[in-house]
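The values are calculated or read from the model by the stated rules, or taken from the named source; none is laboratory data. What you are looking at is a predicted structure, and each value in this text was computed from that prediction instead of being measured. Cβ coordinates were reconstructed from backbone atoms using ideal geometry, including for glycine residues, and neighbour counts include every protein chain displayed.
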Amino acid sequence: MQQQQQTRTQVLLKHKENQNLHQFVTTLETIAKRLREEQEFVFMQGNEEIVINPSDDIKVEFKYEVKGDKHSFEIEFDWYEGQGKKSMKIL
């Protein structure tokens, strides 16, 4: 029987903070603007830069949960390196 080698998950960024709704909306707008204009966005943690650079082809998941009086809404997007639309130019 062949053993399948499992890929280890690396957590490169994990951050939680309390924000008011206006601050959160500004964060989402900044991420959306950077993705639209530069196809990437950067998180800074201390002196460390974490560059998020998704491919053109992403899987998006939205999740809304309610547990008692706590509400949780998640936006997640996944991609594989090197996957996406490949453009061709004729010179």
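Annotations for the structure displayed:
- Qualifying residue in region 23-38 (condition: in contact with a Pro (Cβ under 9 Å, 6 or more places away or on another chain) and surrounded by 10 or more Cβ atoms within 10 Å (Cβ to Cβ)): yes
- Qualifying residue in region 38-45 (condition: touching a residue at least 12 places away in the same chain (Cβ under 8 Å) and in contact with a Phe, Trp or Tyr (Cβ under 9 Å, 6 or more places away or on another chain)): no
- Residue that is modelled with the lowest pLDDT [pool: residues in region 47-91 that are surrounded by 10 or more Cβ atoms within 10 Å (Cβ to Cβ) and either farther than 19 Å from residue 31 by Cα or of a type in the set (Ser, Thr, Tyr) (or both)]: 84
- Residue count for region 11-45, restricted to those that are in a loop (DSSP other than H, G, I, E, B), more than 14 Å from the chain's Cα centre (by Cα) and polar (S, T, N, Q): 3
- Here is the figure for region 53-78: residues that are touching a residue at least 24 places away in the same chain (Cβ under 8 Å) and within 20 Å of residue 15 (Cβ to Cβ) total 1.
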